1. Which pairs turn up if I take residues in segment 232-254 that are among the aromatic types (Phe, Trp, Tyr) and look for partners that are in a strand (DSSP E or B) with beta carbon separation below 8 Å, at least 6 apart in sequence or on another chain?
2. If Pro76 passes every condition in (1) more than 16 Å from ligand 1 (Cβ to nearest atom); (2) at pLDDT 95 or above; (3) assigned to a loop (DSSP other than H, G, I, E, B) but one, which one does it miss?
3. Which count do you get for residues in segment 114-143 that are among the hydrophobic types (A, V, I, L, M, F, W, C) and either in the same structural domain as Ser188 (by TED's automatic domain parsing) or surrounded by fewer than 19 Cβ atoms within 10 Å (Cβ to Cβ) (or both)?
4. Out of Ala71, Ala163, I need the residue that is in contact (Cβ under 8 Å) with a residue 12 or more places away in the chain and touching a Cys at 6+ places or on another chain (Cβ under 6 Å). Which one?
5. Give segment 104-113 a look and list any residue that's surrounded by 16 or more Cβ atoms within 10 Å (Cβ to Cβ) and either at pLDDT below 95 or among the hydrophobic types (A, V, I, L, M, F, W, C) (or both), or say none.
Amino acid sequence: MTTERMVRYVAPDNASTPVINLKAVTKEYIKPTGEIHTVLQDINLQIGKGEFCSIVGPSGCGKSTTLNLIAGFEAPTAGKIQIGGTLLQGINPSAACVFQTDNTFPWKTVIDNVSLGLRLHGMKKSEAYEQARHWIERVGLKGFENHYPSRLSGGMRKRVALAQCLIMQPEILLMDESFSALDVHTRSVMENELLSIWEETSASVVFITHDLEEAIALSDRVIVMTAGPAATIKGDYRIDLERPRNVAEIRFDPEFLKLHQQIWNDLRDEVMTSYAQLH
Ligand SMILES: Nc1ncnc2c1ncn2[C@@H]1O[C@H](COP(=O)(O)OP(=O)(O)OP(=O)(O)O)[C@@H](O)[C@H]1O
Ligand SMILES: [Mg+2]
């Protein structure tokens with residue numbers, strides 16, 4: 001670390017009880033041959049309330065696995081995960097997920113998709129619809145309440161997926177390559193909208209991306225993972241660029257460029273290691 005801004009991350013004061021706390025987490029899978037495949041090795045990661053944290057790393061290093069562990073879709077082989085200080089066992093009730101592929105139901109209209117989570121929690125249809133209308137408007141889809149996802153563009157379906165999550169007012173928003181499939185302009189609009197919505201909430205975000213620029217533009221903190229197997233955390237960078245940010249413009253900020261160069265130096269070595277393993 002050569003400049004002041006590039007110090008390793010120092011947890012903020014409010015992180016004394018982190019919202020997400022991975023303690024010495026290891027994840028192994030058993031291969032069909034019976035061999036053990038260690039994906040993650042001894043991961044320690046604390047994420048505070050309201051923190052926007054991105055994870056970058058070479059393809060296959062274990063980013064989605066990390067997210068799945070935080071979501072409670074899978075359990076660690078060793079170590080533990082605490083959510084708000086409580087041991088996570090089973091599905092994480094504080095988290096909502098937005099994946100790369102759409103998680104909308106094609107046979108339901110926008111309003112039925114968005115209100116579904118509240119309805120499953122037993123809310124009356126009229127109340128759930130009222131809240132859904134608010135979130136549909138908030139993600140810029142007013143007027144499309146009765147459309148089916150097939151009649152929407154990819155960007156619009158992504159907005160539906162976001163509204164589906166946000167309506168539940170999750171403490172933790174987990175996003176796995178959520179904007180990767182969007183064209184560059186739609187993506188930049190969605191990134192800005194995500195930031196403006198997130199700034200109004202106290203949600204902690206874990207955002208997985210292949211795109212280091214996207215990670216820096218959005219985040220308070222960027223985590224670099226090593227190439228697998230047995231991936232671990234290589235770098236933990238604080239991004240204290242001013243907010244509110246315009247993601248399209250911040251990429252030209254000299255501080256942004258310095259951060260990019262610094263983090264890329266770390267990431268590039270891991271990408272090369274990963275690439276060498278494949279060839
Ligand atoms: N259910 C599973 N059973 C066996 N191995 C798995 C399982 N899920 C993931 N893996 C292995 O774990 C490793 C990490 O996968 P993961 O999907 O977490 O990587 P990633 O960093 O998200 O990759 P990408 O950037 O390509 O999305 C890979 O080697 C993968 O084959
Ligand atoms: Mg992945």
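The values are calculated or read from the model by the stated rules, or taken from the named source; none is laboratory data. Worth saying up front: this structure is predicted, and the values here are computed from it rather than measured. Positions of Cβ are generated from backbone atoms using ideal geometry, with glycine treated the same way; all protein chains shown enter the neighbour counts.
1. Tyr237/Arg8; Tyr237/Arg221; Tyr237/Val222; Tyr237/Ile223; Tyr237/Val224
2. (1)
3. So the first thing to find is which residues in segment 114-143 are among the hydrophobic types (A, V, I, L, M, F, W, C), and the list is 114, 116, 118, 120, 123, 128, 132, 135-136, 139, 141.
Filter once more, keeping what is either in the same structural domain as Ser188 (by TED's automatic domain parsing) or surrounded by fewer than 19 Cβ atoms within 10 Å (Cβ to Cβ) (or both): 116, 120, 123.
Matching residues across segment 114-143 total 3.
4. Values: Ala163 fails: touching a Cys at 6+ places or on another chain (Cβ under 6 Å).
Among Ala71, Ala163, only Ala71 is in contact (Cβ under 8 Å) with a residue 12 or more places away in the chain and touching a Cys at 6+ places or on another chain (Cβ under 6 Å).
5. Step one: filter segment 104-113 for residues surrounded by 16 or more Cβ atoms within 10 Å (Cβ to Cβ), giving 104, 109-113.
Within segment 104-113, Thr104, Val110, Ile111 qualify.
Here's the yes/no breakdown for (1) modelled with pLDDT under 90; (2) more than 16 Å from ligand 2 (Cβ to nearest atom); (3) outside any helix (DSSP H, G or I); (4) within 23 Å of the chain's Cα centre (by Cα):
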| residue | (1), (2), (3), (4) |
| --- | --- |
| Ser115 | no, yes, no, yes |
| Glu127 | no, yes, no, no |
| Trp135 | no, yes, no, yes |
| Gly140 | yes, yes, yes, yes |
| His147 | no, yes, yes, no |
| Gly155 | yes, yes, no, yes |
| Ala163 | no, yes, no, yes |
| Leu174 | no, no, yes, yes |
